[in-house]
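Colleague: Provided herewith is a single structure, encoded as structure tokens, for subsequent inquiry.
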Amino acid sequence: MGKLKATYNGIELPISITKVDRNIMPPMSHTTQSVGNGDGVFLLDSNFENRVIEVEYVINNYTARNLSDFRDKMALLVSSKELQRLIFSDEPNRYYDAIITGEPTLDEEYLESNGKLSFLVPDGVSHSTDIAQITAAMNNGILTAHINNESTAAVYPVYRIKHTAENGYLGIVHQGGAFEMGNREEADTETYQ
């Protein structure tokens, strides 16, 4: 696994990670309905469930004071009542919205101690920080852009539109809804009062 690091709430955790359990994807639940007297069921809906990411670690401690300082520092770093970003160094462009769950452990031993942190990820998925720039093209007089979502979860785009000329109307339609601004009847060359 190499020297895997983790940051939580923007701060690198002062631990040497020995094992991480992220699994391939979060558990899925399915809503089904019987097919009358027929075989099988209809699949009505599928959803990702929450997941728990477990991080096992080791620390070097040469004195009892080292352990005391470590406990205090870790308690400050991971104690939060709100979701924080959890990022692993092998996936620097992804984060999990996570919060500590259960009791973080620390088995105190001579010179080297180990423990385990469990992070609840309520939405179950990682989120990309990559930004894809899509260029729109004219299609039947309408400026159109197609976005190909290559992830396992729904993606809600953020639109940044740079106007290089006057525009009287702007309309955006996507799978999750629509947005419009301006006056549909206004010609782009007219100044609207």
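Colleague: Out of all the residues in the range 165-184, which are farther than 30 Å from Tyr95 by Cα and modelled with pLDDT of 75 or more?
Modeller: Tyr169, Leu170, Gly171, Glu180, Met181, Gly182, Asn183
Colleague: Could you list, in sequence order, the residues of the range 95-143 that are within 14 Å of Tyr8 (Cα to Cα) and of a type in the set (A, V, I, L, M, F, W, C)?
Modeller: Result: Ala98, Ile99, Ile100, Leu117, Phe119, Leu120, Val121.
Colleague: In the range 107-137, what residues are outside any loop (DSSP other than H, G, I, E, B) and closer than 25 Å to Asn50 by Cβ?
Modeller: Gly115, Lys116, Leu117, Ser118, Phe119, Leu120, Val121, Ser126, His127, Ser128
Colleague: Taking the conditions exactly as written (in contact with a Ser or Thr (Cβ under 6 Å, 6 or more places away or on another chain), more than 18 Å from Leu120 (Cα to Cα) and either touching a residue at least 40 places away in the same chain (Cβ under 8 Å) or of a type in the set (A, V, I, L, M) (or both)), does Val41 satisfy them or not?
Modeller: In short, yes.
Colleague: I'd like to check something: does the range 117-138 contain any residue that is within 30 Å of Tyr62 (Cα to Cα) and not small (Gly, Ala, Ser)?
Modeller: yes
Colleague: Another one. Here is a list of conditions, (1) modelled with pLDDT under 80; (2) among the small types (Gly, Ala, Ser); (3) under 15 Å from the mean Cα position of the chain (by Cα), and Ala98 meets all of them except one; can you say which number that is?
Modeller: Failing condition for Ala98: (1).
Colleague: Which members of the range 145-179 meet the condition of being more than 30 Å from Gly124 (Cα to Cα) and of a type in the set (Asp, Glu)?
Modeller: Passing the criteria: only Glu166.
Colleague: Please verify whether the range 90-99 includes one or more residues that are hydroxyl-bearing (Ser, Thr, Tyr) and assigned to a loop (DSSP other than H, G, I, E, B).
Modeller: No: zero hits.
Colleague: State which residue pairs qualify: first residue in contact (Cβ under 8 Å) with a residue 12 or more places away in the chain and inside the range 139-150, second residue among the β-branched types (Val, Ile, Thr) and in a loop (DSSP other than H, G, I, E, B) in any location, beta carbons under 7 Å apart, and separation of 6 or more residues or different chains.
Modeller: Ile147/Ile134
Colleague: Here's something else I'd like to know. Can you work out which of the residues in the range 46-74 that are more than 16 Å from Asp123 (Cβ to Cβ) and free of Cβ contacts under 8 Å to residues at least 24 places away in the same chain is least open to solvent (accessible area, probe 1.4 Å)?
Modeller: Ser68
Colleague: For the range 82-92, check the following and say yes or no: at least one residue is under 25 Å from Ile24 (Cα atoms), at pLDDT 85 or above, over 18 Å from the mean Cα position of the chain (by Cα) and open to solvent by 70 Å² or more (accessible area, probe 1.4 Å).
Modeller: no
Colleague: Does the range 19-34 contain any residue that is open to solvent by 70 Å² or more (accessible area, probe 1.4 Å), over 23 Å from the mean Cα position of the chain (by Cα) and of a type in the set (D, E, K, R)?
Modeller: Checked against the condition, which is being open to solvent by 70 Å² or more (accessible area, probe 1.4 Å), over 23 Å from the mean Cα position of the chain (by Cα) and of a type in the set (D, E, K, R), the range 19-34 yields no hits at all.
The values are calculated or read from the model by the stated rules, or taken from the named source; none is laboratory data. Everything quoted here is computed from the prediction, not taken from an experiment. All Cβ positions, glycine included, derive from the backbone under ideal geometry; neighbour counts span all protein chains shown. With ligands, DNA and RNA removed, areas are computed over all heavy atoms of the protein, side chains included. Shrake-Rupley method; radii C 1.70, N 1.55, O 1.52, S 1.80 Å.
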